[in-house]
Amino acid sequence: MKLKNFLLASAFLFILNSCSPVKNIAYLQDLQYGETEDLSKTSEITVKPGDKISIVVNSKDPLLADLFNLPIISHRVGYSQLSSLNQSQQISCYTVDQEGKIDFPVLGKVDVAGKNREAISALIKGELIGRNLVNDPVVTVEFANLYISVLGEVNKPGRYNIDQDNITLFDAIGMAGDLTIFGKRTDVVVMRESDGKRTSYKVDLTSSRDLYASPAYYLQQKDVVYVEPNDTRARQSTVNGNNVRSTSFWISLASLLTSVASVAVIVLK
C-alpha cells in the first residue's frame with residue numbers, strides 16, 4: 001500500500017505542476033479607478049510617401065472650385081466617396097510621391113509629407129487665397145488607403161482601414177474582435193516602418209503605465225500588430241498537444257502509474 005500511495009502522490013504532484021494558474025488575462029490590471037491620465041499627447045496621422053489622400057475644394061462658385069478638383073472617375077482604384085459630394089459621385093485621389101509631394105491642379109507640386117489633414121487643408125487654402133485663385137475656398141482632406149494589420153491570437157485577424165486620427169492599440173484590438181483566450185497579453189508586438197527603417201515595440205496590455213507610456217499606444221498607418229500565442233496554445237501546436245508540458249501527458253502518466261501500482265500491490269501480496 002505504501003508503494004501505491006507513493007506513486008499516486010507523485011502523479012498528483014506532477015499534474016499540479018503542469019497546470020499553471022490562469023493569470024495575465026485581464027487588461028490594465030494596475031489601473032487605479034478615479035486616477036486621471038494625461039491625454040494631451042495624442043498622435044495625429046501624418047502623410048507619408050505612397051499614401052493616397054483625397055482633396056476636395058468647395059466654393060460659392062462651383063465652376064471655379066471644380067478647376068481644383070480631380071476629375072470624377074468611377075472605375076479608378078483608390079477613389080473615395082465624400083459626404084460633401086453627391087452620393088452618386090466619386091472622386092479620384094492623389095498619390096504622395098517618393099519626395100513627399102502631390103501634383104495639385106493649377107498649384108503644381110505641393111509638399112504634403114509629414115503633415116496631417118488639417119495642415120494640408122490649411123496649406124492648400126492659403127495657396128488658393130494667396131494667389132487670388134479662390135477667395136472663399138473650403139478644403140476637405142480625407143485618407144483614402146491607410147490601414148493597419150492585426151495578426152496572431154485575435155478573433156478576426158486582417159487588415160483594417162484607418163479613417164480617423166489617434167487610432168490606439170485598443171482600437172485595433174477592438175476592430176479585430178479582441179484577443180483570444182490564448183493571446184499573450186503581456187507581449188503584444190507592434191512593428192512600424194518609418195523613414196526606411198523598421199522598429200518593433202513590445203507592449204504589456206496588463207499594465208496601464210506600460211501601455212500609455214509606449215510610443216506604440218497610438219498607431220500609425222501600415223503598423224502591424226502581432227499577438228503572440230501563450231504557452232497553452234504553443235503546447236496545442238504539437239501532435240494532439242501531447243508532450244511533456246501538456247496536462248494530457250501527465251494525466252496519461254498518472255493513469256499508467258496507478259495501473260503499475262495496482263499490479264505491484266497484487267504481486268507483493
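FYI, it's all coordinate maths here, none of it is from the lab. Just so it is clear, the model here is predicted, and its values are computed rather than measured. Here Cβ is always computed from backbone atoms with ideal geometry, including for glycine, and neighbour counts include all displayed protein chains.
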* **the range 147-232 - charge dipole about Cα centre, Lys and Arg +1 at Cβ, Asp and Glu -1, debye rounded to 20** => 160 debye
* By how many nm would the segment from ASP231 to GLU118 grow when fully extended, if each residue of separation counts as 0.36 nm and the alpha-carbon distance is taken off? -> 36.1 nm
* Structure fact -> Placing each pseudo-label 7 Å from Cα in the direction of the beta carbon, ALA26 and LEU63 end up separated by a distance in nanometres of 6.8 nm
* Taking the Cα-to-Cβ direction at ASP136 and at THR180 and moving 7 Å from each Cα, how far apart do the two end points lie in nm? -> 5.8 nm
* Structure fact -> Among GLY183, SER200, THR232, the residue whose Cα sits farthest towards the positive end of the charge dipole of the range 147-232, when +1 is placed on the Cβ of each Lys and Arg and -1 on the Cβ of each Asp and Glu, is SER200
* To do: State the extension gain, in nm to one decimal, for the chain segment bounded by LYS202 and SER149, taking 0.36 nm per residue of separation less the distance between their alpha-carbons.
  => 17.5 nm
* Asked: Which order do SER54, SER59 fall in if you start with the one that has the fewest other Cβ atoms within 10 Å?
  -> SER59, SER54
* To do: Quick one: what are the phi-derived ³J(HN,Hα) couplings along the range 154-161, Karplus 6.51/-1.76/1.60 with θ = phi - 60°, whole Hz, x for glycine and proline?
  => 10, 6, 9, x, x, 9, 10, 6
